[in-house]
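The structure appears right after this line, and notes come after that.
Since every read-out is calculated from the coordinates, none of them should be taken as a lab result. This structure is a prediction, so every number in the text was calculated from the model and none was measured. All Cβ positions, even for glycine, are placed from backbone atoms using ideal geometry, and neighbour counts span all protein chains on display.
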Amino acid sequence: MKNEAPALFAEERKEKILELLEENSKILVPELSELFEVSQVTIRGYLRELESEGKLRRTHGGAIPVGKSAYEQDSLHKSIANIAEKQRIAIAAAASVEDGDTIALDTGTTTLELAKAITSRRQLSIVTNDLKIAAFLEDNSDATVIVIGGTIRRGFHCTTGPMALATFKDINVDTAFLAANGFSLEHGFSTPNVDHAEIKKSIMGMAARRVVLMDSSKIGKISFISFASLHDVDKLITDSGIGKRVTEAIEAQSDNLELQIV
């Protein structure tokens, strides 16, 4: 029979559970019991308390992050969330864009903020499947904007489908800036929609350099389908909410990835 955790250390153990969940995207009761040297009954009690606080979701035999879901907010709701962080990330990304560059902008609210941050650049060529980004750049920049045709995904003002994929195959750009709905160390970068995942893979395939723009609220969340691992991207720009433990884990897993925290 294992010794029960002293009440004094219960909060510390629950914090550690949340850290492990960020890193692994799933935790199991037997493994936690072994790690903390407490009974499985005690671990289940911790998980119940954390679930009641909205910090995780219990599953049979363990727990997963609250954000593990195929649900995707539409563009209106995304534009409201974490706007200050998205703007800082966009400004950091804009610093690497120079006059005359050829870039691709994935659909997303953070990439829209990037479009707003590069209007002073001259003679850019910008490829995008995001109709809102294209319209903004038409009105506010001198960039040559190439809009990828395809089927419009209603509520997300972007194009997807076979026609869009076929067009992306014929284009080459210096840098692609991508968005993600979720990231975990185990599953990489993910999105709720299969068509979006295919588009993101195509955007990555046409770029010499691949940069992911993602605010820290996406860390530890897993969407329906993964489109890239840490090894597939050259740079990740996020905000300081990412946390020291996840930062160290990312740096340990990928020698070639440049991680910028703003």
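For segment 148-228, the ratio of Cα radius of gyration to the globular rule of thumb 2.2 N^0.38 Å stands at 1.08. Once C-alpha pairs closer than 8 Å and six or more residues apart are averaged by separation and normalised to the residue number of the chain, the relative contact order reads 17 percent. Counting only lysines at least 8 places from K169 when in the same chain, those with an alpha carbon closer than 26 Å to its own are K132, K200, K201, K235. Simple point charges give the picture: +1 on the Cβ of Lys and Arg, -1 on the Cβ of Asp and Glu, and for the chain a dipole about the Cα centre of about 620 debye. Among M204, M214, H157, pick out the residue whose Cα is farthest towards the positive end of the charge dipole of the chain, where Lys and Arg carry +1 and Asp and Glu carry -1 on C-beta, about the Cα centre. Ranked along the dipole, the leading option is H157.
Projecting label points 7 angstrom from Cα along Cα→Cβ for L131 and A252 puts them 4.6 nm apart. Checking the a/c ratio against 1.5 first, then a/b against b/c, what shape does the Cα gyration tensor give for segment 7-64? Rounded, since a/c falls under 1.5. Scaling against 2.2 N^0.38 Å puts the C-alpha radius of gyration of the chain at 1.12.
Residues whose amide H falls under 5 Å from that of R57, counting only those 5 or more places apart or on a different chain, are I64, V66, with hydrogens built in the peptide plane. Bridges between two residues of the chain, per DSSP, are antiparallel at a rate of about 40%. The dipole here belongs to segment 7-64: it is taken about the Cα centre, uses +1 on the Cβ of Lys and Arg and -1 on the Cβ of Asp and Glu, and is about 300 debye.
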